[in-house]
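Inspection log for the structure reproduced underneath, given as structure tokens.
The values are calculated or read from the model by the stated rules, or taken from the named source; none is laboratory data. Given the structure is predicted, the values throughout are model-derived calculations rather than measurements. Cβ: placed from backbone, ideal geometry, glycine included. Neighbour counts: every protein chain shown.
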2 protein chains.
Amino acid sequence: MKHNITSINDIARALGVSASTVSRALKDHPDISRETRARVQAFARSVNYRPNALALGLKQQRSFTLGIILPEIVHHFFSTIISGIEDLAYSKGYRLMICQSNEEFERERINLQALLDHRVDGLLISMSKNTFEFDHFKHAVEHGLPLVFLDRVCKDIETDRVVTDDFQGAHLVTTHLIRTGRQRILHLAAPQHLAIGRKRLQGYSEALADHNIGLSDELILQCDTPTQVLANREKILSLAPTIDGIFAVNDFTAIAVMQLLQENGFVVPADIAVAGFGDDPIALIARPKLTTVEQKGYDMGKEAVRMLIERLENPDKEKGFETKTFSATLKLRESA
Amino acid sequence: MKHNITSINDIARALGVSASTVSRALKDHPDISRETRARVQAFARSVNYRPNALALGLKQQRSFTLGIILPEIVHHFFSTIISGIEDLAYSKGYRLMICQSNEEFERERINLQALLDHRVDGLLISMSKNTFEFDHFKHAVEHGLPLVFLDRVCKDIETDRVVTDDFQGAHLVTTHLIRTGRQRILHLAAPQHLAIGRKRLQGYSEALADHNIGLSDELILQCDTPTQVLANREKILSLAPTIDGIFAVNDFTAIAVMQLLQENGFVVPADIAVAGFGDDPIALIARPKLTTVEQKGYDMGKEAVRMLIERLENPDKEKGFETKTFSATLKLRESA
DNA sequence: AACGATACCGCAAACGTTTGCGGTAATTAT
DNA sequence: ATAATTACCGCAAACGTTTGCGGTATCGTT
């Protein structure tokens, strides 16, 4: 609804000049006399004039808005990403339109379409777990829209990416488990169509191989949420007497399995060492405190939006796509 | 930058009709013949025509965008609020522009101004902890923009609100502590210019009074973050031998103080019972599991956006402002 | 005095969409 | 045959902003 907001046309009428004079005066354009500029600026201040971003966006073909699609906002890692994005975007004068896909392909597609309709200047996307088809991303990129994939990247689309060195992190933490005497390590894995799932499993596998420990299929379980820990409780408990370590693909899953073990008489880390991936705040709250791999959500978010804004503000600079890989850091605590 | 996106004008040229014909045909307007409507619609589909939301917004004076300002996105409670908002907004066809104030008044003010510039249809705001002056809210409301305050409300502005029954929750949990034998209960409070801080302290005070227990100023400490628990560690540890319960204003603070006590030889809940407010996932991760008051962020977010959209979609319905108060539920676990 | 240059402002089109209302041809009623 | 009505489409203005370019008055040079 019309909110009696003052426009350039209103100012023009009030001062008896044209809208183009007002527009130029507000920009301190030398074609407009100093006197007229001063009159217009003073009046604009007095009526709290603010340019309409919709009109500006239509005229300039820029909306100063970035579109973000993440799987789940409540997931701590994703909320730190958003926080990092928002902090830098705010300082650079960009607004954020944030959507969550809730791991649903269709919702991701519809949200992406809506962001395109709103003429966002660029996109930051972490792909849904259930996205197996990428035309919606292709469509966006074909429009020349800069897009940075974050964490959950789509390998079919050539574009900038910001990821954690999942392989390295998994390798580090598995190596740590082995070097502290663990030999039979269960890996609670993410779905393998996700790069992070694959790379963390690869890191785990390679670390075992590096220590001449054979890979055992029965020690790899797809289980990447607390809900799935519950769903797999019988399996996990039947394996428990035969293992001495667990590397879970994220902290929530690690803590869920740790608590399951503790509730069933196992002592962590004495009986079974447990490690996660993420270094969420819960890692410090859990007892024992969780050994995990730090994942720098905030910094990743900041870097992703920095890369995006660099493309937006240098559109003619033909720059090859980059993948920025954040190194993983092992956080040694009590659980492993 | 122009992304070669098809406009109504492009379709009009291609089909040899006028833009107004195309616009009407796309809306199945009876003034346009069936044959022309069919031709236009088929062509629009074939070129993936999508209306430009900026142009639509300018013309219709509606942007189908809601502005949200919250203190901190990484704070679990706020991320659940966003999730609730986003789920309902998505289903009703609204986009979200989300900003965080980082508890800074100036950033809240600038973010609010930017949302107004973008002509968001309505606002959902949880006030910054450091907001003591409300002209920026008044300015928004004076423009006739619907605004719903969430959780951290501003009492000087008449508008819709969604809150937790902080008083009731605090009363419930303090009563529980008393009824399980605790007599000297430390309250770790939020700043008193925040309604939630005041009401939770009031609930605590009233519960003590209800049980003929005198209120002691030395048992009220402003301390509402883990960082402040560290800052107040000497004070808390000097009080510890003289108290038998703690009611902290939020879960993070409760768990931080619980861990401080445990690290200094106290047993929870045997020596000192500890309760929080919020029922974040960390409540279940902490050991002992935290007794706390459930705060329904997701449902509050959903309700807030429902109220906002109801006003947007019924602008002529003169409806008094409401405050929806979500009841608090005590979650009894092991820490108290 | 005449001509050229400059200061200062406004016209009009454009971005993309919607819609009130008018024009014209075809159809229907008298 | 003529008048009235209707179907179907387009013109033009509007939402709010920007900007290329032209008009006019004033000033400076010859």
Listed residues A:V153, A:V173; which is β-branched (V, I, T) and closer than 30 Å to A:D135 by Cα? A:V153
For region B:195-251, what are the residues that are touching a residue at least 40 places away in the same chain (Cβ under 8 Å), surrounded by 15 or more Cβ atoms within 10 Å (Cβ to Cβ) and β-branched (V, I, T)? B:I196, B:V229, B:I236, B:I243, B:I246, B:V249
For region B:1-23, how many residues are assigned to a helix (DSSP H, G or I) and either more than 7 Å from DNA strand D (Cβ to nearest atom) or of a type in the set (D, E) (or both)? 10
If I filter region A:47-99 down to residues being among the basic types (K, R) and within 16 Å of DNA strand C (Cβ to nearest atom), which single residue comes out as modelled with the lowest pLDDT? A:R62
Out of the residues in region A:141-158 that are surrounded by 21 or more Cβ atoms within 10 Å (Cβ to Cβ) and of a type in the set (V, I, T), which is nearest to A:R198 (Cα to Cα)? A:V153
Give the residues of region A:1-17 that are within 8 Å of DNA strand C (Cβ to nearest atom) and on the phi > 0 side of the Ramachandran plot, sorted by residue number. A:G16
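For (1) closer than 22 Å to A:D135 by Cα; (2) among the polar types (S, T, N, Q), each residue gets a yes or a no:
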{"position": "B:T36", "(1), (2)": "no, yes"}
{"position": "B:R39", "(1), (2)": "no, no"}
{"position": "B:F43", "(1), (2)": "yes, no"}
{"position": "B:L56", "(1), (2)": "no, no"}
{"position": "B:Q60", "(1), (2)": "no, yes"}
Is it the case that A:S20 is closer than 26 Å to B:Q61 by Cα and within 13 Å of DNA strand C (Cβ to nearest atom)? yes
If we scan region A:151-162, do we find a residue that is within 11 Å of chain B (Cβ to nearest Cβ) and either in contact (Cβ under 8 Å) with a residue 60 or more places away in the chain or touching a Leu at 6+ places or on another chain (Cβ under 6 Å) (or both)? no
Considering every residue within region B:27-34, establish whether at least one is free of Cβ contacts under 8 Å to residues at least 60 places away in the same chain, surrounded by fewer than 22 Cβ atoms within 10 Å (Cβ to Cβ), assigned to a helix (DSSP H, G or I) and more than 14 Å from every other protein chain (Cβ to nearest Cβ). yes
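Here's the yes/no breakdown for (1) within 30 Å of B:H75 (Cα to Cα); (2) hydrophobic (A, V, I, L, M, F, W, C); (3) part of a loop (DSSP other than H, G, I, E, B):
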residue	(1), (2), (3)
A:T175	no, no, no
A:H187	yes, no, no
A:E218	no, no, no
A:L237	no, yes, no
A:A240	no, yes, no
A:F247	yes, yes, no
A:L260	yes, yes, no
A:V268	yes, yes, yes
Single residue of region B:280-290 satisfying the filter (outside any helix (DSSP H, G or I) and over 13 Å from B:A336 (Cβ atoms)) that is nearest to the other protein chains (Cβ to nearest Cβ): B:R287
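Can you tell me which residue among A:L112, A:L56, A:L15 is of a type outside the set (K, R), crowded, with 19+ Cβ neighbours inside 10 Å and either over 26 Å from B:G57 (Cβ atoms) or within 12 Å of chain B (Cβ to nearest Cβ) (or both)?
Working: A:L56 fails: crowded, with 19+ Cβ neighbours inside 10 Å; A:L15 fails: crowded, with 19+ Cβ neighbours inside 10 Å.
On inspection, the qualifying residue turns out to be A:L112.
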All positions within region B:71-109 that are more than 9 Å from chain A (Cβ to nearest Cβ) and either over 19 Å from B:M307 (Cα atoms) or touching a Lys or Arg at 6+ places or on another chain (Cβ under 6 Å) (or both): B:P71, B:F77, B:G84, B:L88, B:S101, B:E103, B:E104, B:F105, B:E106, B:E108, B:R109
Can you list the helices (runs of 4 or more DSSP H) found entirely within region A:62-143 that contain at least 2 residues being of a type in the set (S, T, Y)? A:76-91
Which of the residues belonging to region B:28-60 are more than 11 Å from DNA strand D (Cβ to nearest atom), farther than 19 Å from A:V120 by Cα and in contact with a helix residue (DSSP H, G or I) (Cβ under 9 Å, 6 or more places away or on another chain)? B:D28, B:Q41, B:F43, B:A44, B:V47
